[in-house]
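Following: one structure in structure tokens, then a few remarks.
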Amino acid sequence: MIFYFTGTGNSMQAAKSIGDYNGEKLVSIAKEMSSKNGSFEYKLEENEAIGFVFPTYAWGPPKMVIEFIEKLKLNNHKDNYVFSVATCGENIGNTMKVIDKHLINKGLKLNSGFSIRMPNNYIIMWNVDSKEVEKEKLLAAEETLKNINKVIKERRTGVFEVEKGTMPGVLTSVINPLFNKHAMDTKKFYADDKCNSCGICEKVCNSRTIKVNRKPEWGKECTQCLACIHLCPVKAIQYGKGTENKGRYKNPNVNVRDRFLTSDK
Ligand SMILES: Cc1cc2nc3c(=O)[nH]c(=O)nc-3n(C[C@H](O)[C@H](O)[C@H](O)COP(=O)(O)O)c2cc1C
């Protein structure tokens with residue numbers, strides 16, 4: 001069973017590849033978190049793997065992934081194989097340590113962990129990658145996924161193939177908590193005149209905080225996945241003054257409609 005979270009589709013591509021190769025079912029963390037009656041209880045088959053696949057946010061897992069793990073109740077788990085994959089633009093710091101710490105509270109322990117370098121979507125800080133870099137990263141990611149799939153299929157333990165970057169301790173222990181505390185605000189999001197009220201931003205919002213009444217309106221907080229900005233078909237959604245002249249990205253290997261959190265496709 002693979003629990004995944006995605007903003008622009010990279011982590012969904014990774015989760016799908018692992019799910020297809022290993023015959024594992026996919027569960028959307030955002031869908032589960034937004035379902036009002038979510039019991040967060042899942043029954044595992046014998047020898048079923050347990051996976052967590054998500055993007056890296058400020059050298060840690062998205063806050064929603066941690067909140068989901070805290071609620072998670074797995075029935076029947078004994079010696080099930082546990083792995084995690086963090087997609088990123090460059091590197092993930094000590095993200096795997098953070099995941100492991102929260103899993104230990106649930107009686108689980110990571111057997112393997114991976115990072116996959118994929119196209120960057122953090123346009124609040126940087127820009128999207130050039131088309132050449134995007135292509136190169138997506139090709140390399142497919143190779144990395146082939147290796148990850150083999151490790152998981154063979155249930156190899158103690159395999160941690162991660163790009164931590166320099167000073168991972170500082171990135172994850174200092175910057176990540178600051179990001180989680182101060183960067184969740186939605187005040188700077190707005191839709192400009194290009195908005196045609198299509199409603200896609202509401203359907204892809206992982207935090208279910210956007211409501212479109214003629215134009216999108218944001219609630220107080222979100223996970224900063226930036227799906228609204230990147231998946232808007234007319235590039236109408238902005239964050240402050242910095243995103244107007246920046247590119248947009250969506251993973252070309254997944255369908256935007258598969259990202260919809262509501263069933264009315
Ligand atoms: C809020 C935010 C923070 C990010 N922080 C990092 C980071 O610390 N390191 C990194 O390499 N990439 C970072 N990125 C880039 C994403 O992790 C990367 O593009 C990821 O593959 C996106 O996955 P998705 O398409 O499944 O949403 C960040 C992106 C966002 C939106």
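What follows is calculated from the coordinates using simple rules that are stated; it is not laboratory data. Predicted model only: the values in this text are computed from it and were never measured. Please note: Cβ atoms are built from the backbone with ideal geometry, for glycine as well, and neighbour counts cover all protein chains shown.
Show me the trypsin sites (Lys or Arg not before Pro) within the stretch 54-114 that DSSP assigns to loop and that have at most 11 other Cβ atoms within 10 Å of their Cβ.
Lys78, Lys109
For n ≥ 4 DSSP H runs only, could you compute -39500 (n - 2.57) per run for the chain, divide by its residues and tell me the 222 nm figure to the nearest 500?
The per-residue figure over the chain is -8500 deg cm²/dmol.
Suppose the chain between Lys146 and Lys187 were pulled fully straight at 0.36 nm per residue; how much longer would it get relative to their current alpha carbon spacing?
Full extension of this stretch gives 10.7 nm more.
Restricting to DSSP loop positions (anything but H, G, I, E, B) with no more than 16 other Cβ atoms inside 10 Å of their own Cβ, which GluC sites (Glu not before Pro) remain in the stretch 24-68?
Taking the stretch 24-68 and a limit of 16 other Cβ atoms within 10 Å, the loop GluC sites (Glu not before Pro) found are Glu45, Glu46.
So if I average 1/r over every pair of distinct C-alpha atoms in the stretch 2-181 and take the inverse, what Kirkwood radius in Å does that give?
It is 16.5 Å.
Restrict the search to the stretch 132-223; then list the GluC sites (Glu not before Pro) that DSSP places in a loop and that have at most 11 other Cβ atoms within 10 Å of their Cβ.
Glu154
Each label point is 7 Å from the Cα along the Cα-to-Cβ direction; what then is the distance between the points at Arg156 and Glu136, in nm?
2.6 nm
For Lys215 and Asp20, compute 0.36 nm times the residue count separating them, minus their Cα-Cα distance, and round to one decimal in nm.
Contour length minus Cα-Cα distance gives 66.4 nm.
Which Rg and Dmax, in Å, describe the Cα atoms of the stretch 189-257?
11.3, 32
Between Lys71 and Met167, what length comes free when the chain is fully extended (0.36 nm per residue of separation minus the Cα-Cα distance, one decimal in nm)?
Extra length available between Lys71 and Met167 comes to 31.5 nm.
Enter the angle in degrees (range 0 to 90, nearest 10) between the Cα long axis of helix 131-153 and the first principal axis of the Cα atoms of the chain, meaning the one along which they spread out most.
It is inclined by approximately 30 degrees.
When Trp59, Trp126 are ordered from fewest to most other Cβ atoms inside 10 Å of their Cβ, what list results?
Trp126, Trp59
As I understand it, the value is the acute angle between the Cα axis of helix 95-104 and the longest principal axis of the Cα atoms of the chain; what does it come to in degrees, rounded to 10?
60 degrees
Counting other beta carbons within 10 Å of each Cβ, put Asp100, Asp193 in order, fewest first.
Neighbour counts put them in this order, fewest first: Asp193, Asp100.
Neighbour counts of other C-beta atoms within 10 Å: give me Ile148, Ile69 arranged from fewest to most.
In order of increasing Cβ crowding within 10 Å: Ile69, Ile148.
For the Cα atoms of the chain, what angle does the longest principal axis make with the long axis of helix 10-22, in degrees from 0 to 90, nearest 10?
30 degrees
For the stretch 191-223 and the stretch 111-152, write down the distance between their C-alpha centroids in whole Å.
Between the Cα centre of the stretch 191-223 and that of the stretch 111-152, the gap is 27 Å.
What whole number of Å gives the distance from the Cα centroid of the stretch 154-173 to the Cα centroid of the stretch 1-76?
19 Å
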